[in-house]
Amino acid sequence: MEEKRITHYLSSHKILLVGEGDFSFSLCLSKAFGTAGNMIATSLDSRVSLAIKYAMALRNLTELEALGCTIVHEVDVHTMTQHPLLENQAFDRVIFNFPHAGFIGRESDDYQIKLHQELVSGFLSNAKYMLASCGEVHITHKTSHPFSKWNIKELANDENLELVGEVVFSRHHYPGYNN
């Protein structure tokens, strides 16, 4: 089968997507590849909660399942290495797009920033154990204030992860993706 690419991702990559909302990013990759057999897409929410929160979630999930994607709900990034379907797997890419700890206060509140940092740190501390030998962790993140105060590079460094590069995220590169 011919290898297909969409920006930083190849159809040959074994991909884990975490914290999916309406699953439109996973679906975008799947459509670009023509298959999702190499992907596991997860959400913190249950399937029922997703249907309530996101108008397109169930439709996207149905399409993903038809393309062969493994869907796993109620996956906490802090403990994902212990999940029975995820443990002992190695991924070429582990992706967390726009991580967010929820709305406890204003985005610029120190407490809110700390919650976001704990979320990202928990993700990184698990994701590093889920990588194949040349695997990469990808975090899509806003860099303007107050999001810059999350200090994601420092959090990754604390987990002994090396920054390979930074790129500007352009949503138009991912047809159908909604954030």
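Closer than 25 Å to residue 7 by Cβ, charged (D, E, K, R) and in a helix (DSSP H, G or I): which single residue out of 128, 114 fits that description?
Only one candidate qualifies: 128.
Hey, could you check region 1-50 for residues that are over 14 Å from the mean Cα position of the chain (by Cα) and of a type in the set (D, E, K, R) and say which is farthest from residue 177 (Cα to Cα)?
Filtering region 1-50 for residues that are over 14 Å from the mean Cα position of the chain (by Cα) and of a type in the set (D, E, K, R), the one farthest from residue 177 (Cα to Cα) comes out as 2.
Is it true that some residue in region 94-105 is assigned to a helix (DSSP H, G or I) and closer than 27 Å to residue 5 by Cα?
no
Can you spot a residue in region 12-33 that is assigned to a loop (DSSP other than H, G, I, E, B), among the aliphatic types (A, V, I, L, M) and buried (at least 18 other Cβ atoms within 10 Å of the Cβ)?
Within region 12-33, not a single residue is assigned to a loop (DSSP other than H, G, I, E, B), among the aliphatic types (A, V, I, L, M) and buried (at least 18 other Cβ atoms within 10 Å of the Cβ).
Got a sec? Which of 170, 144 is closer than 22 Å to residue 60 by Cα and either modelled with pLDDT of 90 or more or surrounded by fewer than 12 Cβ atoms within 10 Å (Cβ to Cβ) (or both)?
Checking each option against the conditions leaves just 170.
Quick one: residue 3 ticks every box in (1) farther than 20 Å from residue 77 by Cβ; (2) part of a helix (DSSP H, G or I) except a single one, so which number is it?
With (1) farther than 20 Å from residue 77 by Cβ; (2) part of a helix (DSSP H, G or I) applied to residue 3, the lone miss is (2).
Could you please give the count of residues in region 107-124 that are buried (at least 17 other Cβ atoms within 10 Å of the Cβ) and touching a residue at least 40 places away in the same chain (Cβ under 8 Å)?
Final tally of qualifying residues: 3.
Any residue at all in region 64-82 that's assigned to a helix (DSSP H, G or I) and surrounded by 17 or more Cβ atoms within 10 Å (Cβ to Cβ)?
So far as region 64-82 goes, yes, one or more of its residues are assigned to a helix (DSSP H, G or I) and surrounded by 17 or more Cβ atoms within 10 Å (Cβ to Cβ).
Of all residues in region 51-88, how many are under 16 Å from the mean Cα position of the chain (by Cα) and touching a residue at least 60 places away in the same chain (Cβ under 8 Å)?
Within region 51-88, residues that are under 16 Å from the mean Cα position of the chain (by Cα) and touching a residue at least 60 places away in the same chain (Cβ under 8 Å) number 2.
Just give me the residues in region 34-63 being among the small types (Gly, Ala, Ser) and either part of a helix (DSSP H, G or I) or surrounded by 15 or more Cβ atoms within 10 Å (Cβ to Cβ) (or both), in sequence order.
Of everything in region 34-63, those that are among the small types (Gly, Ala, Ser) and either part of a helix (DSSP H, G or I) or surrounded by 15 or more Cβ atoms within 10 Å (Cβ to Cβ) (or both) turn out to be 36, 41, 43, 49, 51, 57.
The values are calculated or read from the model by the stated rules, or taken from the named source; none is laboratory data. Source: prediction; values computed, not measured. Cβ atoms come from the backbone with ideal geometry, glycine included; neighbour counts cover every protein chain shown.
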